[in-house]
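Taking it in order: structure first as C-alpha cells, then the write-up.
The values are calculated or read from the model by the stated rules, or taken from the named source; none is laboratory data. Being a predicted model, the structure only gives us computed values, none of them experimental. Methodologically, a virtual Cβ is constructed for each residue, glycine included, from the backbone with ideal geometry; neighbour enumeration extends over all protein chains shown. Calculation scope for accessible area: heavy atoms of the full protein, side chains included, ligands and nucleic acids excluded. Shrake-Rupley method; radii C 1.70, N 1.55, O 1.52, S 1.80 Å.
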Amino acid sequence: MNFLRGVMGGQQSSGVQPSGAETIQKLCDRVASSTLLDDRRDAVRALKSLSKKYRLEVGTQAMDHLLNVLQTDRADSEIIGYALDTLYNILSNDAEEAVGHSRTWSLLPRDTAESEEENPQAQTDDLGVQFTEMFIKQQENVTILLSILEEFDFHVRWPGVKLLTCLLKQQGPQVQQIILVSPMGVSRLMDLLDDSREVIRNDGLLLLQQLTKSNAAIQKIVAFENAFERLLDIITEEGNSDGGIVVEDCLLLLQNLLKYNNSNQNFFKEGSYIQRMKPWFEVGDDNSGWSAQKVTNLHLMLQLVRVLVSPGNPPGATSSCQKFMYQCGLLQQLCIILMATGVPADILTETINTVSEVIRGSQVNQDYFASVNAPSNPPRPAIVVLLMSMVNERQPFVLRCAVLYCFQCFLYKNQKGQGEIVATLLPSTIDATSLSAGQLLCGGLFSTDSLSNWCAAVALAHALLENSTQKEQLLRVQLATSIGNPPVSLLQQCTNILAQGSKVQTRVGLLMLLCTWLTNCPIAVTHFLHNASNVPFLTAQISENLGEEEQLVQGLCALLLGICIYYNDNSLESNTKEKLKQLIEKRIGKEIFTEKLGFITKHEFYSKAAQKPQPSFSSPDHMMFDHEFTKLVKELEAVIIKAIYKSSEEDKKEEEVKKSLEQHDNIISHYKNVIREQDLQLEELKQTVSTLQAKNEQFQTTVSQQVAQIQQHKDQYNLLKVQLGKDNQHHNSHNSNAQINGFQSEEVSRLKEEIEELKKQHDLLQGELSEKNTLIENLSCNQAAGQTEQTTGVSEQVTELQKEMETLRSQLHVQSTEINRLQAERMELLQKVEASATVTASGDSASAASKNNDYEEKIAGLLRELSSLKDEVNLLSVEKSTLKRELDSAHSTTAILQDEKLKLGQEVSESKKEQDDLLILLADQDQKILSLKNKLKELGEQVDDEDDLESGDAGDEDDLDEEDSRDDDM
Amino acid sequence: MAYAYLFKYIIIGDTGVGKSCLLLQFTDKRFQPVHDLTIGVEFGARMITIDGKQIKLQIWDTAGQESFRSITRSYYRGAAGALLVYDITRRDTFNHLTTWLEDARQHSNSNMVIMLIANKSDLESRREVKKEEGEAFAREHGLIFMETSAKTASNVEEAFINTAKEIYEKIQEGVFDINNEANGIKIGPQNPMPGPTGPHNAGQAGGSCC
C-alpha cells in the first residue's frame, strides 16, 4: 500500500489533468449521496467510462462506493452491471494492456516512465493485485459477487463472471478460500456451464480454470458437481479435436481437475470417462485438417491421457487406468496415430510419449505394443520403425527422445520384451532377411552420430536392467567388423570405441551401457577384465588431469572400475579385487578416485535426469544421463567407496565373513535339503497314510465279511446242533442255542420253528421214553411179582390175573360159605324132619320126603357147582403156570431192555461231550467276535454292544437251561 | 461397466467414527485399523445389484473435522443418499447427530435418503449408546437405522444396499426427478434417454451462431 500511495502521491503532485480526478471525486460523491437511483446509475456509468482512462484514480476513489452499490442496489441490474464493469476495468490488467497502455505512458512523468519502461507489465500487474487485495479485504464482497452471479441478466452475470475470474487470477488462493467457505459457492459457479449463452458458458470455463488451479478441495467439489460429464459433453458437442478454443478450455479445466489429484483420477476412472476419451483420437487420415487449434487440442488430449497414467501416480491407480485404456481400445487408437502418415511432428512426438506411459510396466499393454505392425510393405514391427527414427539423424531431437522413452517404457519391468530384443542380436536367432531391433541398436551404437550412439547405448542398457540372464546372453554377441577380420564381441567393440576417444556423448553413453552390463554380473566383469588393455585405459582416464568436459567421463570410468572391483569374483589371477584396489591406491589414490566418482552425482544433468523417467533435454548436448542409470549410480556409489576404502585385512575379514556366510549358506542349503528330504518323506508318509486308509477300509469290509461269516458259522453251528439233535433223538435239550446271535428275524422265526419242531420231537421222545420207562417198570414189576409176590412193580396183566384170582377166590369163599349154609340148612331140615316124623305121622312124612328130594336135588346141583368150580381152579392154575412162563420171558426182556438202557446212557454222555465241545467252540467264536468288535471300535466303527451282550446272555441262559434239563433227564 | 442407475452418496458424521473404514470395507472388503485422517473428501465407487438391476454407487467420504465442514457442505446438494455415522462407544458422537442432521437437511435436496449408522458394533464392551436410543432417534427423524461394524463387516453391505433400495423405491414412486442430475441420480447409458444425437446436433447449431 505504501507503494500505491507513492504512485498516487506522485501523480497528484505532478498535477496532470486534475480535472479527471476532480470529476471522479464528484461522481463518487453523487454515487454516495444521491437519493435518486437514476442519478446514482448515471454516475456509475460515468465512472465506468472513466475507469479505463483513469484506472488508478477511479480505483482509489470509487472502489468503496462501487462496492456499496453492489450491496444496496441489487434490485437494479443496470447499475449493478455498470458497477461490475467498472470494477473489472480497475482490477483487470488485461483491459489496461489492451486499451490504456498509451495513456499510462503519457500520464507519467519522464523519469518514472523510464523506470516503468523496464518493466511496464509488472507495474500494471501490481496495480491489479493491489486493487484486488482491497476488494477481497472484506470477504463479504466476494460473497456478494457470488450471489450476484445468480442473477440471470446477461449484463450482470457476464461482467460478474469476468470480475471473479480476474480476482482469482490476481489473488487465487485467498479468493478460492473465500469461495470454498461460502455455502454452495463452488456449486453455484458450476451452474455457469449450463448457461445457454455461450459467452457466459465459455467465460465460465475460464473462471473455473482459475478457480480449480492448485486447490484439491475445490477440484473435488467441481468434479462432484458432474464437471467431467459436462466437460466431456461440451467437447463432444464441439466436435472433439476439431472443436474450437472452447474445447481447449475444457481440456485445460479437465487437466486442472485431474493432475496430481488421485481422488478425482479415481472418480474419472470409476465414472467410465476413460472410454469417452477414445473418440478424441479417431482423427482419420485426412491430412488437410491439421489446424493450429486442432494440434493444440490434440496435444492437450494426449497430455490428459498422460495425466492418468503418469509414472508419478500411485502404482495401483496407473496400472488400472492402463488396463482400462487397453480394454476400451484407447491404446489401439493411439497406436494407429503412431503409425499414420501426415501427422504433425509434435503430435507424433506427444503420441509416442503418451503410448510410452500407457504401456509402461503393464505387461498386457507391452505385449500388445510388441505386436503392433506398421502398415508398410512388408509390414514391420512398430518397435523397429520407431527405432529407425531414433537412430536417424534427420529426425527431430524431441521425436528421437520420445522414441527412446517409448522403448524404455516397453522394456520397463518386461523381462519377456528384454529377452526378445537381446535375442535379435544372438547368432542363433538372427534373421538376416529383415531389419531387427538389435541390428538397429548396434548400428546406432557404432554410427558416427553421437546422439545415435548415446540413444542406442541407453536403449540397450534398458534391455539389460535387472535381468542377469540377458546380461550373460549379450556376452555371446559377436560383430563382423570388416571382411577378413575375425568377429569381435560386442563388449570388446564397446571398449574399443571408448578407447578411440570419440565425442563425450558417445563415451558417456557407452560407459553407462558398460556400467549397467557389468553391475551384478561377475561373468561380464571377468569378460571385461580379460581384455588386458581395459584396466590401464580406465586408470589412465581417471588419473589424467583433464578439462571440465572430461570430468563426467572420468567419473563414469571410476564407476566402471569400482564395479569391476565390487562385482569381481576373483576368477582372474591378474585382476583380483585386491590387485585392482592396489592399483587404485598406487596409480590414482583413493581420495582422487572418490573425488572423480563424485563428479557424476554432482553434475547438473544428473539431478535433472533423476527427476523423472522421461528423457527430456533442452538441447541435444545436454543429453548425458538416463533416469534409470541415475538410480543405479545412487545404489552403487556408496558400496563402491566402501569397497575401495576397505583394507585388505577388512577384505580378508569380509572374505571370512563371506566364507562363514557361505558356510551358513551351506548349512542352510543342507537344512534345505533336509527339509526337502523330509518333505519327500512327508509325501511318502502321506501316501502310506492314504494306502493305510484304503487298507483300513478293506479291513473294515473284511471285518463285516467276517461278521457275516461268523453269522454263517453260527448258522452252521445251529444247523449242526439241529443235526445233532436229529442224530440223537433222545437228546432233547440242544435247541436253545439256536437263538444266540439271531440277527435276522427270518432266521429267528426259522429257528423258532426248528425249536418248535425240536420241542415236539423232544416231547415225542419224552413220551416214547416214558412209555419205555413204564414198560420197563411194568416188566420189572411183573418180574418182581412173579418172583417174590411183592406188590411193587405190578403189571396190569398180573393185577388182572390176581384180581381174577381173588374174585375167583371170593367166589369160592362165597360158594363154600353157601355150601356150609346149605349143609347147615340141611342139618336143620333133617332135624325138623325127625321132629315132624315124631310129632306128625304119615302126612308129614310125605312132605318131608318131597322136601328131602328137593334137598337132594339141591345138593346134587351144588355138587355139580362145586365140580365146575374145581375145574375152574384147575383152569386158573393152568393159567397161573402160563403166566409164570410169561413172567420168565418178561424177565429176559427186562434184561435186554436194561442193556439197551445202558447203551442209551452211554450215548447220552457221548452227546453231552459233543455238546460241550460245541459250547467251547461257541465260546471261542464269541471271543473272536468280541475281539473283532473291539477292533471295529478302535477303527471308529460304531458297534452295538448291548444287543450282542443281550443275545450273548440269552445264549448263556439257554445253555444253563439245557444243562438243567439234561440233569433232569439223567 | 454398464449400469441402470448411478447414485451419489455422502458419508458424514463426527471425526473418528469410522466413515472411511466403512467405505473401505464396502469398496475393497478390507479393514484398516489405523486410518489416516481424511482431508476434505475421498472418493470411492462400487457396483451393486438391486431388483436385478446394476446400480453404480459413487461415494464421497467426507472429513469429520470441524475445519472441513464448509468443504463437506458442498457435497450435500448433489447427493441422493447420505450415511450419517456415529460411534456407539462415544456418546458425544451420538449427541452431535442433531447438528449433523440439521446441516444435512439445510443443504441437501429434500428427498435425500439418510441412513443412520451406529458403527463399531463389535466393541460391545465399550458401548455407551444403546441400540434402542439410536432406533428412537432414527424413528423420530424419519431415518433408516442400522448398527454396523466396519471391522467385522457386519451390516456394512446392508447399510449401503438398503440406502440404495430406498432411493430405488423413491424413483419407482416418482418422488425423484431422475432427469435432474443435481439430485445425485443418473440413468445409465443403456436406458432410453433423449438420444445422444439430439443434444449433439443442438450443440453444433448453437456453436455456429456465435
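Would you be able to say whether some residue in region A:945-952 is surrounded by 11 or more Cβ atoms within 10 Å (Cβ to Cβ), closer than 30 Å to A:THR701 by Cβ and either of a type in the set (Gly, Ala, Ser) or at pLDDT 85 or above (or both)? Yes, the conditions are met somewhere in region A:945-952.
Matching residues to (1) surrounded by 12 or more Cβ atoms within 10 Å (Cβ to Cβ); (2) of a type outside the set (Phe, Trp, Tyr); (3) not in a helix (DSSP H, G or I):
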{"position": "A:THR601", "(1), (2), (3)": "yes, yes, no"}
{"position": "A:ALA610", "(1), (2), (3)": "yes, yes, no"}
{"position": "A:SER618", "(1), (2), (3)": "no, yes, yes"}
{"position": "A:ASP621", "(1), (2), (3)": "yes, yes, no"}
{"position": "A:GLU650", "(1), (2), (3)": "yes, yes, no"}
{"position": "A:TYR671", "(1), (2), (3)": "no, no, no"}
{"position": "A:ARG676", "(1), (2), (3)": "no, yes, no"}
{"position": "A:THR691", "(1), (2), (3)": "no, yes, no"}
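In this structure, is A:SER733 farther than 30 Å from A:GLN898 by Cα, of a type outside the set (Lys, Arg) and modelled with pLDDT under 75? No. Filtering region A:305-319 for residues that are touching a helix residue (DSSP H, G or I) at 6+ places or on another chain (Cβ under 7 Å), crowded, with 16+ Cβ neighbours inside 10 Å and either more than 27 Å from A:GLY417 (Cβ to Cβ) or within 14 Å of chain B (Cβ to nearest Cβ) (or both) leaves a non-empty set. Scanning region A:874-897 for residues that are without any contact (Cβ under 8 Å) to a residue 12 or more places away in the chain and open to solvent by 100 Å² or more (accessible area, probe 1.4 Å) returns A:LEU875, A:ARG885, A:ILE896. Every condition in (1) touching a residue at least 12 places away in the same chain (Cβ under 8 Å); (2) assigned to a helix (DSSP H, G or I); (3) open to solvent by 40 Å² or more (accessible area, probe 1.4 Å) holds for A:GLY342 except the one numbered (2). For region B:35-61, a residue qualifies if it is in contact (Cβ under 8 Å) with a residue 24 or more places away in the chain and not in a strand (DSSP E or B), and the qualifying residues are B:LEU37, B:THR38, B:ILE39, B:GLY40, B:ASP51. For region B:65-101, taking the residues that are within 14 Å of chain A (Cβ to nearest Cβ) and farther than 20 Å from A:SER187 by Cα, the one that is surrounded by the fewest Cβ atoms within 10 Å (Cβ to Cβ) is identified as B:GLU66.
Between A:SER272, A:SER356, the distinction of being assigned by TED's automatic domain parsing to the domain that holds A:ILE234, outside any helix (DSSP H, G or I) and either without any contact (Cβ under 8 Å) to a residue 12 or more places away in the chain or under 16 Å from A:ALA402 (Cα atoms) (or both) belongs to A:SER272 only. One residue stands out in region A:240-263 among those that are of a type in the set (A, V, I, L, M) and either out of contact with any helix residue (DSSP H, G or I) (no Cβ under 7 Å at 6 or more places or on another chain) or within 14 Å of chain B (Cβ to nearest Cβ) (or both): the one that is farthest from A:ASN202 (Cα to Cα), namely A:LEU258. For region A:55-71, indicate whether the set of residues that are at pLDDT 80 or above and among the small types (Gly, Ala, Ser) is non-empty. Checking region A:55-71: at least one residue is at pLDDT 80 or above and among the small types (Gly, Ala, Ser). Could you tell me whether any residue of region B:137-158 is in contact with a helix residue (DSSP H, G or I) (Cβ under 6 Å, 6 or more places away or on another chain), surrounded by fewer than 19 Cβ atoms within 10 Å (Cβ to Cβ) and part of a loop (DSSP other than H, G, I, E, B)? Yes: region B:137-158 contains one or more residues that are in contact with a helix residue (DSSP H, G or I) (Cβ under 6 Å, 6 or more places away or on another chain), surrounded by fewer than 19 Cβ atoms within 10 Å (Cβ to Cβ) and part of a loop (DSSP other than H, G, I, E, B). Within region B:4-42, if we keep just the residues that are among the hydroxyl-bearing types (Ser, Thr, Tyr) and open to solvent by 10 Å² or more (accessible area, probe 1.4 Å), the residue that is modelled with the lowest pLDDT turns out to be B:THR38.
Screening A:ASP569 against (1) under 18 Å from A:ALA499 (Cβ atoms); (2) exposed (fewer than 14 other Cβ atoms within 10 Å of the Cβ); (3) under 53 Å from the mean Cα position of the chain (by Cα) leaves a single unmet condition, (1). Which residues, taken from region B:118-136, are touching a strand residue (DSSP E or B) at 6+ places or on another chain (Cβ under 6 Å) and crowded, with 18+ Cβ neighbours inside 10 Å? If the condition is that a residue be touching a strand residue (DSSP E or B) at 6+ places or on another chain (Cβ under 6 Å) and crowded, with 18+ Cβ neighbours inside 10 Å, then B:ALA118, B:ASN119, B:LYS120, B:SER121, B:GLY134 are the ones that fit.
Determine if region A:385-400 includes at least one residue that is farther than 27 Å from A:LYS503 by Cα, open to solvent by less than 40 Å² (accessible area, probe 1.4 Å) and outside the structural domain of A:SER618 (by TED's automatic domain parsing). The answer is no; no qualifying residue exists.
In the set (1) of a type in the set (S, T, N, Q); (2) more than 14 Å from every other protein chain (Cβ to nearest Cβ); (3) crowded, with 24+ Cβ neighbours inside 10 Å; (4) under 16 Å from B:TYR9 (Cβ atoms), B:THR62 fails one condition alone, (2).
When region A:188-206 is filtered for residues that are in contact with a helix residue (DSSP H, G or I) (Cβ under 7 Å, 6 or more places away or on another chain) and either at the interface with chain B (Cβ under 8 Å from one of its Cβ atoms) or in a loop (DSSP other than H, G, I, E, B) (or both), the ones remaining, listed by number, are A:ASP195, A:ARG197, A:GLU198, A:VAL199.
Among the residues of region A:219-231, is any modelled with pLDDT of 90 or more and among the basic types (Lys, Arg)? Yes: region A:219-231 contains one or more residues that are modelled with pLDDT of 90 or more and among the basic types (Lys, Arg). The sole residue among A:LEU464, A:LEU426 that is in the same structural domain as A:GLN541 (by TED's automatic domain parsing), more than 24 Å from A:GLN395 (Cα to Cα) and either polar (S, T, N, Q) or at pLDDT 90 or above (or both) is A:LEU464.
Scan A:LYS901, A:LYS933 and give me the residue that is free of Cβ contacts under 8 Å to residues at least 60 places away in the same chain, out of contact with any Ser or Thr (no Cβ under 6 Å at 6 or more places or on another chain), surrounded by 12 or more Cβ atoms within 10 Å (Cβ to Cβ) and assigned to a helix (DSSP H, G or I).
Step by step, each of A:LYS901, A:LYS933 is checked, and only A:LYS933 is free of Cβ contacts under 8 Å to residues at least 60 places away in the same chain, out of contact with any Ser or Thr (no Cβ under 6 Å at 6 or more places or on another chain), surrounded by 12 or more Cβ atoms within 10 Å (Cβ to Cβ) and assigned to a helix (DSSP H, G or I).
Considered as a group, the residues in region A:289-300 that are among the aliphatic types (A, V, I, L, M) and surrounded by fewer than 24 Cβ atoms within 10 Å (Cβ to Cβ) include one that is modelled with the highest pLDDT, and that residue is A:LEU300. Tell me, yes or no, whether region A:146-155 has at least one residue that is over 13 Å from A:GLY81 (Cα atoms) and out of contact with any Lys or Arg (no Cβ under 7 Å at 6 or more places or on another chain). Yes; the residues of region A:146-155 include at least one that is over 13 Å from A:GLY81 (Cα atoms) and out of contact with any Lys or Arg (no Cβ under 7 Å at 6 or more places or on another chain). Got at least one residue in region A:697-704 being hydroxyl-bearing (Ser, Thr, Tyr), more than 30 Å from A:GLN761 (Cβ to Cβ), in a helix (DSSP H, G or I) and within 40 Å of the chain's Cα centre (by Cα)? No, region A:697-704 has no match at all.
A quick yes/no check of all residues on (1) of a type in the set (S, T, N, Q); (2) open to solvent by 10 Å² or more (accessible area, probe 1.4 Å); (3) farther than 30 Å from A:GLN293 by Cβ:
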| residue | (1), (2), (3) |
| --- | --- |
| A:VAL142 | no, no, yes |
| A:ASP191 | no, yes, no |
| A:ARG201 | no, yes, no |
| A:GLY204 | no, no, no |
| A:ILE218 | no, no, no |
| A:GLU229 | no, yes, no |
| A:GLU237 | no, yes, no |
